[in-house]
Each structure stands twice: as C-alpha cells, then as structure tokens.
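The values are calculated or read from the model by the stated rules, or taken from the named source; none is laboratory data. Remember, it's a predicted structure, so these values are computed and weren't measured experimentally. Using ideal geometry, Cβ is built from the backbone for each residue, glycine included, and neighbour counts are taken over all protein chains shown. Surface areas here come from the heavy atoms of the whole protein model, side chains and all, with no ligands, DNA or RNA. Shrake-Rupley method; radii C 1.70, N 1.55, O 1.52, S 1.80 Å.
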Amino acid sequence: MTFRTRLLLIFTLAVVASVALVEWLVTDSTRQAFERMETLRANGLVAQFRKEFDERGQRIVRAVDGIAASEAAVNIAISADYSPYYNEAASLASAHGLGLLELVAGDGTIVSSAEWPARFGYKQDWLVEPADWESRGAFLRREELPDGVTLSLAAVGTVSAGGRKLYVAGGQQLDREFLSSLVLPEGMRVLLYRNLEPGFTPAELVGGRAEDVPRVRPLIEQVQQRKRAIARTLGSGSASETFHALPLTGYQEDLLGVLLISSSRRELVELESALRRTGMEVAAAGILVGIALSWWATARVTRPVRRLAESAARVAAGDWGATVDSTSTDEIGQLARAFNRMTHELVAQRERLVQAERVAAWRELARRLAHELKNPLFPLQITVENMQRARERYPEQFDEVFREGAATLLAELANLKQIVARFSDFAKMPAPEMQPVSFNELVSDTLKLFEPQFAQARVRANSALDPRLRPVQADPEQMTRVLRNLILNAIDAMPEGGTLTVRTSALEGGVRLEVSDTGQGLTPEESRRLFTPYYTTKTHGTGLGLAIVQSVVSDHQGRISVESAPGKGTRFRIELG
Amino acid sequence: MRLMSSPWFAVCRGEACLALIALAATAAAATRPHYGGTLRVEIRQSFETPDPPTAGYGMPDLARAFAIASWEAGRRAVYAADENASGGRPFLDAVEIEMARPLRDQSIDLELGKADVVELGPSELRRQPAGRKVWASAPVRLMALVFSTRVEDARIREAMALAVDRAAIHNVLLQRQGEVSAALLPQWLSGYAFLFPTAADAARARTLVVGLPAAARAISLGVEDAAARPIAERIALNARDAGLSVSVAAQAAGADARLVEVRIGSSDPALALAGIAASMGLPEPPRAGSPEALYAAERALLEGFRVIPLFHLPDVYGVNPRVKGRPGITPLGEWRFENLWVEGGRP
C-alpha cells in the first residue's frame, strides 16, 4: 500500500468519522428537539381533551341541575304518590340531552329510571349516603343496565320541596358514541377501558381497533396496578402512537376506567425520517467532497515524497547523480535538499573510492607484476652471472654452462611470456558468443580432462547432473574456462586431497552450476574479496582466475556467489538464464 | 256469595265506579235522547280479515243494532243504524270505527274532539283531565304468564311465580287499574281469588333455582303487545333478583314463556274458567257445581305453575262529553251503543 493510499485512507476515515459524528449530533439534537415539541403537543392535546372531558362533565351537571330545578321535578318531589311519574325520567332525560337519568325518592327508592324503566321501586342506597352532591360535580359511576354494566359520567342534583327530597341522578354513558362525540384534535384518538370486571377484559375496550387490544393491554394493567397516569409510546415507525393512560376514578376513588388518549407520531416519524434522509445525503455528499479533497491533498502532499522515492530508487539502481527538485521550505523541502546533498556526496565519495580503488589496483598489479616478474628475473640474473663467471674463470666449461644457461634463460623467458599473456587475456576478455550449450556434457568433458590431476592431488571428483537440464544459451569456451578455473581453484584448496563435487540443476529457462570442495574453506573477509582482481590467497597465481570467472558470468547476465566457512569447504554457485 | 259474584256489584264496588254512575245519571238527566249523529270510535286492535269480525267482543257486539256499511280491513269500519233492529232503531245514525290507533293517539284525538270513544291505557287514564267521562268494565281481562312445554322444570316456573312483584306493577305500570291476582277467575266472579297468594318472595324463589345450570335459568319471555312490554321488562327484572335470566322478546312464538291476556268470556264462573283453560292450553276443568269444586278445579289448573295469573284488568274507555246516554259498555266489556246519542247531531 502506497503512502498516498494510506494517507488517503486516513483522510477518508477521518472525513467519514467526522461527518458521521456531526450527522449523529445534528440528528440526535434535532430529534430530541422534535421529541420535546411532540411531548408538548401531546400534553397540550391531553390538556385539551381533559378540558373537553371536564366540559362534558359540566354539561351533565348543568343538565342535572336544570332537571332538579324544573317544575316537573318539584312536582314529583312533593307528590304523595310517585307512581304516576314512573315514566318521567325518560322524557326529562330526552329533553335535557341526557342518556341516563333516574329520579330517586328521599329514601333511595327509584321513582323513575330512563335507562331502565322497569327498575322503579328499587333502591339506590348510594344516593342517600351523606354526600355533598351539589359541590361534587360530575363523577364516574358504574351503571347497571338491562343488558349489562356500563360506565357513566354522572352528576347528582337534589330537589327539596315541602319537606321531601328527590334525587336527580343523570349522566351519559361512556361508550363509543360518547367518545366519538368528543371534539378531538387532528391525529388524536381516544380509547376507553371500562374497568368493570376483575383483570383485563378485551371487550371492555371501547373505541379501539382489534389490533389495539394486545398493544394497550400492558399499559392498562399498569394503570390498574399503580392507579396513576402513565404515558408510553407503542408501536414502531410511522404507525407508532404515544398513549397517555389516565385513570378514571369514581366518587369513592375506585378505579372505574382507564382513558387512553393516543397521539399519532406519524408526522414526527416522517419528519425524523426526512431529516435522517437529508442528513444521510448531506453526509454522503460531504464524504464524497472530503474524499475528493483528500485525493487532491494527498497528491499534493505526497508528490515530493514520491519524487524523493523515485530519486532514491534511481540511486539504488546506480544513478547516483539523481536529484529531487524542491522549492518548498517545509520539512519535505528540507528532506529533498538533504537528499540532493547526500547524492552529491555519494557521487563524490564514489569517485574518490573509484580513484582509490584504481590506485590500489594499480599498486596491487604492480606488486603482482613485480612479484611475478621477480621470480623469473632472479634465475635470469643468476644464469647470466654464471655465464659471465664461466667465461671469465672457466672458459673450457663455458659452452656447457652456456648451453645450460641458455636453456634456463629460454625457460624463464617463456615463463615471463606466459605471465604477460595471462595479464593480456584478462585485459582483452572477448564478448561471449552465445549458442545452446549442454552443461551436463560440458561438466563431464571438463572433469575428464582433469582426471590425471585429480589422481595426482588425491582428489575424488563427483558429478550430480540434472537429467532434466536443457541446453542453455552460453559461450561454451568461456564457460569451459569458468569451470576449469573453479576446478583448479578447488584442487588448490585441497592440498591434502578431498572431494570435488560438480552439480547441475535445471532452472526455469536456465541452469544452476555448483562446484564445491572439502578444502580448508575461507574466512568472511576472504569470501568478500575473493572476486577482486589480482587478489589471491595462494602463494602462486595471478589472482585473476576468479575475477575472470566473475567477468564471464557477468557477461552472460548471470550471478555467482560463494558459500564458505573455515574448515568446512567452499561452494561456488553460478546461475544463468 | 251470589251477590258478591254479580258483575254490577263488582263494578260498583269502587269509589270510581260510583262516580261514573253518578256522572252518567247527571248526563242523562241533563239531555234528552234524540236520533242522529255518528259515534266516532278508535280502537287499538286491527282486524285484517276481509269481512268484519262476527265473534268476540267490541265490533261484533254492534251487530245487535247496526249493520256494516263500509269495511276497510285493518283501517276503518262504518256501521249504520239498523232500522229493523230487534230492540228498535238505535239513536245513532252510524258508528265509525278507526282501527290500529295507538293508545296515545287515541287519547290525543279524544282531547282534540276528533274521537268520541277511545280506549285508555293506564298511562292515558292518568293523564285524563278531571271530570272526563270514563267507561270501565269489570276486570275481565286476565293477564298471565304462560309457560311452554319446553320449560319442564317446575322449580323454574314456581320461582318465576314467586319472583314477580305484582303490587309494584299494579301500582306503577297499571296505575292501580284492575286487581292483583294469582287466580284465573277474578274475585268479582269467583269470590275466592284472594285465596291464591300474590305476594312476591324473591328469597324463596332464589332457593328454588340455586344450583340449576345457567342454561336452565335462562328464559325468553315473549310479549307481542307493545303496551305490555314494560310489564314484561319488570317481570324480567324481578326474575333476575331470583336468579333467573329472562330476556324479553317481541315475538311470542318460540318463546319459553308468554305474557298473554285472556278475556273472561262468560259471567258464569265455571264457563269462564273453562274458557280461560281452553285459551291457555290447560286441561279442561271438571264441571263444578259449587264454589268449593270450582276452587278445587282452578287450583288444579294452576298446579305446576304452567300458568301464572298476574292481574285482572278492566276495559276502560274515555268518552267525549257530547256522548250521552248510559255507559256504552257492559260490566263484561260488551259494546252497547244502541242507546247512546250525541249532542250536536252530525259532527
């Protein structure tokens, strides 16, 4: 992964995280604000409903008071015989807009009942209990009807005339009709649970839908237990509703019902959804812009670094004069300038090193030349001096001495010539003439040539040739010379005899050639300098053998390496192709 | 005993009857009979037959002195004076009868002078202004509960009989018209009706039905006469106190019990009892030659509570003051319009 990619990723992650955080914060704070507004709205609606409910109660109180103040009620109250009035309640209730009305004598006997006309003569003992009915206002009551029990919003008025008393108990059923008659704000609905039976009875839920029953049941049960108002949000999504469950108690503070005022959260949910969608779109746009800016910024930031890396790569590839253009004064500019100084210094040092190495090489060459030339020169000098001495002191033996001396001179001159030829060969290494070469054959042929020397040096030669090896493009003469040098080197490394192993292996489109011996091995320093021209660890030799080997391998675009340790032998490995 | 069973004695027992007789006498004294005029009568009943009824009470009674002149089944009938009537031509030229008129409308028509003779129910009777002329028969209509054979458990029937608070119904719903009774024959006819107890006993009724399955305690009570429905509702309420579940239905057919009215068809107690038994699907009682035998026969009929007598009710009519003459009905509720005349001639 490139530096720019990493930087881009970091920038992108930072942008995404920042945008997500901002989006979350904005959405959350907005949602909370809307929730507060929704709560206020719901509370307002509940208050409005309570007002409407109270207004209904007041209306009932006014109706009941109107009946109690009517002449008809007074006539009934003062009548000695109530029987003619058993049907009065129905007409009075109808005239005053009440669904329920009972006229009850002072002793609690029902004179007339609008909701249950047949109940005349029965007792309503709760009315004769001490109570200030005038100031109580409307209250909830469990009402018995011919077809069952219901819940009513009732009020009681009293008529006192002629020393007699008449109770006027009127009200309205809290049923679906009552609920539907309430003026409700938009998005609001009202359900009533009539707590007339022990536990939860689904049939007593008025005004709701069938699917409301399982939803509101836990809420109703909580109100039944705690007897206080509870607000809950039920459902999910746009179908969710906030329910305010209000306990409805009777005049004896007994829980007679639970009023469920539902406020739809559809608008809020849709608003939140739109806000979330907009936020997501803005966030996506922000992220895209952020990525684009990051792309541009990373490109701008990493361009000098990339140039620096490219220059470093060029330096690594050998172009030591590579430099970086930089005009900035920031850290990257400083780095670029430092790099340029470094490459200039490297070039200078390299030139100095090359010069030093060249001098050292010349010195080494001179030393080797001096050493090589000194060996033949000394016998030449001795031979010439012997010939001069024999001419002067022993003329009769001069011919003999001359013959021997001439032979020695010729031999040493030949030696000198050979030395000069070797140096000349190294200087004039020809370009390889490439052709398919079977390395297995080359190894076999070369080992055969050395068999006498192996025997003389007590060296056992082994070969491990890969039969899969195919001919490889190479110069056969130069590769033969390489192999010969390595074999000679190995023989020299095993003065006490040993084992020489030559191994070939097939590479993909190439060959690996290994020559190993069981000689005394090399130190790390010797291994490092082994291919330096004119360097040798032997007392004889020019130090050019391995240098020639490396030169040939290099001309074949190959690689040569050495593995060695003192006392553990040496292995040369050549890979071509 | 014979004196007590006399219809006239029974009618004139009450103070109201005495007042009626006095009013009639005063009216008769104030005007003289004359011919002419049409008597406008409204009734609740509707006869849907192609021809006018010839049996029963009411319109069939007119055949003595009037002949049918116009017949609109279920709506209207006009009877014209029969010049050749055996008792002589009636004073009235005609009698117009409008059928299927609700009691309340009849009362209004009487008040507005659109009708001369109307039926009065308990509520309408209460609303009549002071001095209104009213004809009332003896209590000749028996109101009773009749159980179908489906209600096999006699305890249910007995509990029902014990549960009904006849006094409250009589005082309030019937406005004290007629008599509370647990007998088939009215007191004025048999003289022993008071021997049948009428007091309600809800506690005992509950003990009778306690332990019975709910299905057995559920009874449908059919009542076809809308005017009698409040009575049925009250009976249902009383029954509930006794642990019975009574539902009131407008259709009597198929109900477990019915609230019915049976008319006393004869002033002979034995014949009346036989008629009642026949009307209610009871076995025919043995012919009784003595009050004791009659009592025994009636008691036998009521054994098992298959029929629960509740009230004996009179026929009550409101009469326009322009109608003159003796009361136009007999103690048995028969129409006797031939001796009536109307002030002001033809309306």
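A few points about this structure:
- Length, then width, then depth: along the principal axes, the Cα atoms of region A:432-499 run 38, 25, 16 Å.
- C-alpha center-to-center spacing [region A:331-401, region A:492-518] in angstrom: 32
- Backbone geometry of region B:327-341 corresponds, through the Karplus equation with coefficients 6.51, -1.76 and 1.60 at θ = phi - 60°, to 3J(HN,Hα) couplings of x, x, 10, 8, x, 8, x, 6, 7, 9, 8, 5, 9, 9, 9 Hz, x marking Gly and Pro.
- Cα-based helix-to-principal-axis angle, A:439-449 vs chain A, degrees rounded to 10: 30
- Shown in residue order for region B:119-131 are the 3J(HN,Hα) couplings computed by the Karplus curve 6.51 cos²θ - 1.76 cosθ + 1.60 at θ = phi - 60°: 7, 10, x, x, 5, 5, 4, 5, 7, 5, x, 4, x Hz (x for Gly and Pro).
- Over region B:195-294, the fraction of Cα-Cα pairs per 10 Å bin, rounded to whole percents and listed from the shortest bin up, is 14, 31, 33, 20, 1.
- Accessible surface for the protein assembly as shown, divided over its residues, is 51 Å² per residue with a 1.4 Å probe.
- Percent of alpha-carbon pairs separated by more than 16 Å within region A:263-357: 70
- Total formal charge among the other residues, if their Cβ is under 10 angstrom from that of A:P146, Lys/Arg +1 and Asp/Glu -1: -2
- Calculated P(r) tail over 22 Å for region B:223-347, as whole % of Cα pairs: 55
- Here the Debye sum runs over all C-alpha atoms of region B:141-313 as equal scatterers in vacuum, and log10 of I(q)/I(0) at q = 0.08, 0.11, 0.13, 0.15 Å⁻¹ comes out as -0.22, -0.42, -0.59, -0.79.
- Estimated translational D of region B:160-229 in µm²/s (Stokes, Kirkwood radius over Cα pairs; 20 °C; 1.002 mPa s): 151
- Legend: Rg and Dmax of chain B, from Cα coordinates, 21.3, 70 Å.
- Here region A:33-146 is treated as an ellipsoid with the same Cα gyration tensor; its semi-axes, largest first and in whole Å, are 36, 14, 13.
- In region B:207-253, the residues that give up 50 Å² or more of accessible area when the other protein chains are added, compared with the chain on its own (1.4 Å probe), are B:R234, B:L237, B:R240.
- Highest-MSF residue in chain B out of B:A130, B:A85, B:A183 [GNM, Cα springs under 10 Å]: B:A130
- Dimensionless Rg/Rh of region A:472-519 - Kirkwood Rh, Rg from C-alpha atoms: 1.05
- Excluding exposed DSSP-loop GluC sites (Glu not before Pro) (at most 12 other C-beta within 10 Å), longest clean stretch of chain A: A:1-185
- Our compactness index for the protein assembly as shown, the C-alpha radius of gyration over the empirical 2.2 N^0.38 Å, is 2.33.
- Of the solvent-accessible surface of region A:218-284, computed with a 1.4 Å probe and all protein chains present, 50% belongs to carbon and sulfur.
- For A:M494, no residue whose modelled amide H falls within less than 5 Å of its own remains once neighbours fewer than 5 places apart on the same chain are excluded.
- Per residue convex hull volume, Cα atoms of region A:116-228, in Å³: 164
- A helix-only calculation puts chain A at -18500 deg cm²/dmol for mean residue ellipticity at 222 nm, using -39500 (n - 2.57) for each DSSP H run of at least four residues, averaged over all residues.
- Of A:K428/A:K448; A:K374/A:K448; A:K123/A:K165, pairs whose Cα-Cα distance is over 25 Å: A:K428/A:K448; A:K374/A:K448
- Cβ-based net charge around A:T323, under 13 Å, with every Lys or Arg adding one and every Asp or Glu removing one: 0
- Chain A: angle of helix A:266-316 to the longest principal axis, Cα-based, in degrees nearest 10: 10
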